[in-house]
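Asks: Handing you a structure now.
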Amino acid sequence: MLLGFKTELKVNNTQKILLAKQAVVARHAWNWGLSLTRKILHNNQVESETKIKFPSAIDLHKWLVALVKPQYPWYYEVSKCAPQYALRHLRRAWDDCFNKAKKPPRFKKKGQDDRFTLDGSITVEHNRIKVPRIGWLKTYERLPQDIKPKSVTISKRANKWFVSFKLEIPPQPQKMLLKNQAIGVDLGLLRFATISTGEEVTSPKPYKKLEKKLRRLQWLNRHQVVGSSNWKKTQVRIAKLHYRISCIRNDFIHKLTTTLAKNHRQIVIEDLNVKGLMKNGKLSKAIADSGFYEFRRQLTYKTELYGSKLVIADRFFSSSKLCPKCGHLKDKLPLPQRVYQFDNHNCDWIADRDYSARREFTRVS
């Protein structure tokens, strides 16, 4: 299967300038192509007689070479792949929009989501990688050996540069400790995951812990002159803090999903409507801090990689209202009621509602 590998680059000031030039050209090509394609779409909607065929990525690149490059000579200082891939990504974004999979593409701003893609002669060694027009770039960690990626994507976040590429990795079936066990995992806010084995996993909640520091930096940034040196420094500090929050969350989810996928034959989770849950104004911040969608995404490809199986329970499956002992379905179970029990029933089952839900998930398998 095809997996992505991403690591931080160890670059000096000269290399930072070279990388920034590539990102500037890629952003300029994207914005130029987006402006042109918007005009073409507007012309086709207004004038029905003189319709223009919507250009492909190859057409956009030909027009870029003929019209834009002679006007901006700094295009020749970088690799031709940077604007070429930017136009490819733009055309793919329009295809997703036409298929109603995503919203229309937007213009890119300076300093936000700076990235570019290069291909050609790429060499990977122990702690460095060689890319066209830039040369050797050192990394902080050892790179996978005996590979030759067709293309690499270099991106910037929180004043740090990262390189990423795709790897072809064969499935790695594990000698699982619990070969015949199917577990149910119930996600929640009080406890991130309640597992049918009796284990309860608590989320580190990085945003909640660092929110006070983040609010202080944002308040300070609002009262500084926009564009000044101090304003730019505070912007970098805010970006670094956001990056730290995401790293803590991803590290926690990676460790949990790897442990579940390696040690269990079958895993059952609920099909949560995360987008709908985010509309709840009182719980949206806590839901975003948990990373439920990222948990499912990582669990999907890791179960395929390690030879286990992932089962998605139906979104409307009443796992919390069903009694694991007798199968009776409760009419109502408000969210503040954390204990599952019967008042007028012969069953004597009393347990935490999350524990009851994870027990029901195992029945789905």
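Please treat every number below as a calculation from the coordinates, not as lab data. Being a predicted model, the structure only gives us computed values, none of them experimental. All Cβ positions, even for glycine, are placed from backbone atoms using ideal geometry, and neighbour counts span all protein chains on display.
Asks: Specify, per residue and in Å³, the volume enclosed by the convex hull of the alpha carbon atoms belonging to segment 2-168.
Replies: 131 Å³
Asks: Residue by residue through segment 52-62, which ³J(HN,Hα) values in whole Hz follow from phi under the Karplus form 6.51 cos²θ - 1.76 cosθ + 1.60 (θ = phi - 60°), with glycine and proline marked x?
Replies: Per residue, the Karplus-derived 3J(HN,Hα) values read 10, 5, 5, x, 8, 5, 5, 4, 4, 5, 4 Hz.
Asks: Can I ask one more? Evaluated at 4 °C with a viscosity of 1.567 mPa s, what Stokes-Einstein diffusion coefficient in µm²/s does segment 183-232 have when Rh comes from the Kirkwood expression over alpha-carbon pairs?
Replies: It diffuses with D of about 93 µm²/s by this estimate.
Asks: Now a separate question. Need the full-extension length gain, Gln172 to Arg142, defined as separation in residues times 0.36 nm minus the C-alpha distance. One decimal, nm.
Replies: So the extension gain works out to 8.7 nm.
Asks: For segment 1-155, what's the relative contact order in percent, using C-alpha pairs closer than 8 Å and at least 6 residues apart?
Replies: Here the relative contact order equals 27 percent.
Asks: If I model a spin label at Lys39 and Leu283 as a point 7 Å from the Cα along the Cα→Cβ vector, what separation in nanometres do I get?
Replies: Distance between the two pseudo-spin positions: 4.9 nm.
Asks: Quick one: which of Lys80/Lys109; Lys69/Lys102; Lys166/Lys208 span more than 25 angstrom between C-alpha atoms?
Replies: Beyond 25 Å: Lys69/Lys102; Lys166/Lys208.
Asks: Across the Cα atoms of segment 214-280, what radius of gyration and what greatest pairwise Cα-Cα distance (Dmax) are found, in Å?
Replies: 19.0, 57
Asks: Using Cβ counts within 10 Å as a stand-in for footprinting exposure, how do Met1, Met278 rank, fewest first?
Replies: By the 10 Å Cβ count, ascending, the order reads Met1, Met278.
Asks: Step through the residues of segment 148-162 one at a time and calculate ³J(HN,Hα) from phi using the Karplus curve (6.51 cos²θ - 1.76 cosθ + 1.60, θ = phi - 60°), rounding each to whole Hz and writing x for Gly and Pro.
Replies: Per-residue couplings from phi come out as 9, x, 6, 8, 10, 10, 10, 10, 10, 8, 6, 6, 10, 9, 10 Hz.
Asks: Let me ask something else. Which of the trypsin sites (Lys or Arg not before Pro) across segment 1-93 are loop residues per DSSP, with 14 or fewer other Cβ within 10 Å?
Replies: Lys51, Lys53
Asks: Give me the distance in nm between label points sitting 7 Å out from Cα along the Cα-to-Cβ direction at Asn31 and Asn159, one decimal.
Replies: Distance between label points: 2.3 nm.
Asks: Another one. Which loop GluC sites (Glu not before Pro) in segment 32-86, with loop taken from DSSP, have no more than 16 other Cβ atoms within 10 angstrom of their Cβ?
Replies: Details: sites: Glu47, Glu49, Glu77; in loops: Glu47, Glu49.
Answer in residue order: Glu47, Glu49.
Asks: By counting other Cβ atoms within 10 Å of each Cβ, how are Phe98, Phe116, Phe292 ranked from fewest to most?
Replies: Ascending number of Cβ neighbours within 10 Å: Phe98, Phe292, Phe116.
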